[in-house]
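What follows is a short report on a single structure.
The values are calculated or read from the model by the stated rules, or taken from the named source; none is laboratory data. Predicted, not measured: the structure shown is a model, and the values here were computed from it. Because the Cβ atoms are built from the backbone with ideal geometry, glycine has one as well, and the counts that use them run over all protein chains shown. The area values use the complete protein model at the heavy-atom level, side chains included, leaving out ligands, DNA and RNA. Shrake-Rupley method; radii C 1.70, N 1.55, O 1.52, S 1.80 Å.
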Amino acid sequence: MKPSLETDFTVAVRHQIWEELPEVADLYQGIYSVTLNFLVSITFIPEVEKNLDNWPPLLPENLDCVSTKLEARLFTLALSDYTVTPNSLLAGEQELIPIPSYSQDIEDLNTTSRMGIIFYVKPEEFETFSQELSEVSEKTMGVHDYVRISEIQTLKFAQFILSKIICSPNLSGEDSLILKCR
């Protein structure tokens, strides 16, 4: 079912560098978290190298040991329910990947408890999204700050969320209820 603006949900955008420890924050440059209705998170991650030997990405034993931008991107992707990332070859496609559980038991660290969805877009499309996300993040810097989807509906990233993510048959039933779109 197509969402309508009758369900004028909230949108908060956070640059991931704000969420990380100062010593590793730069590794998360360009990653944005978009939260809809305070509960549904969509992560926008710059291009990740899809290494078929280690795909989908696994979590390390210690998540605090991120040392490269690629690791930061892969670990963020591995824990995200919904991810948007550029890929010239896969643009327009969706991929389901298992999301590892992050329980306290190291042996259970990479067991799957749910599935995540990766939405691939063209690199130039992602560049537009990133510019818009940066601008909206300046308006939603505080923990309780947000804009309504109706206020940003003309932005490309908002149109993508409305037309591709919320309308995806892979959107979880719980998230559909939260967004009142089914």
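Summary of values
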read-out	value
Which listed residue, of S172, S150, is polar (S, T, N, Q) and within 15 Å of V40 (Cα to Cα)	S172
Residue that is of a type in the set (D, E), within 27 Å of Q29 (Cα to Cα) and either surrounded by fewer than 18 Cβ atoms within 10 Å (Cβ to Cβ) or at pLDDT 95 or above (or both), where the choices are E107, E174, E127	E127
E47 vs. criteria at pLDDT 85 or above, more than 21 Å from W18 (Cβ to Cβ) and surrounded by 15 or more Cβ atoms within 10 Å (Cβ to Cβ)	yes
In segment 146-155, the residues that are closer than 13 Å to V34 by Cβ and either hydroxyl-bearing (S, T, Y) or surrounded by fewer than 18 Cβ atoms within 10 Å (Cβ to Cβ) (or both)	Y146, V147
Filtered residues of segment 6-44 (kept if under 24 Å from L177 (Cα atoms), open to solvent by 70 Å² or more (accessible area, probe 1.4 Å) and among the hydrophobic types (A, V, I, L, M, F, W, C))	F38, L39
Hits in segment 153-166 (condition: in contact (Cβ under 8 Å) with a residue 24 or more places away in the chain and more than 24 Å from E47 (Cβ to Cβ))	Q153
